[in-house]
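Values quoted throughout were computed directly from the atomic coordinates according to the rules given, and no laboratory measurement underlies them. Please read these numbers as outputs of a predicted model, since none were measured by experiment. So basically every Cβ, Gly included, is an ideal-geometry build from the backbone, and we count neighbours across all protein chains shown.
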Amino acid sequence: FMATCISGSSLMDAGVLVVAANAECPQRQTAEHLAVMDIIQMPRIAVVQNKTELITPAEASEHANSIREFVQGTVAQDAPI
């Protein structure tokens, strides 16, 4: 699976990393997607925190901080959330 994923995504100019706000960060699949972006050195990335309507604004802010910690040291570290 990962070989196919890396091969297909190597043609992309940008990526979107979607992280559910109502789940612990990172989920295994999210970590795998970020790993692929890191391997291929994805040039442009946006991180999207979705499902924020299911949590409080304070929880969304705390979750965004956990996303920032998760992407530190990767190609997504400077990506907007």
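Annotations for the structure displayed:
- Less than 5 angstrom separates the built amide H of Gln49 from those of Val19, all sequence-distant by 5 or more or on a different chain.
- Largest-first principal axis extents, alpha carbons of the chain, Å: 39, 24, 18
- Separation of the Asp13 and Ala46 label points, Cα + 7 Å toward Cβ, nm: 1.4
- For the stretch 16-33, 3J(HN,Hα) per residue [Karplus equation, 6.51 cos²θ - 1.76 cosθ + 1.60, θ = phi - 60°, Hz, x = Gly/Pro]: 10, 9, 9, 10, 6, 6, 9, 9, 4, 10, x, 7, 4, 5, 5, 4, 5, 5
- Ordering of 51-58, 64-71 by packing is 64-71, 51-58, highest average first (other Cβ atoms within 10 Å, averaged per residue).
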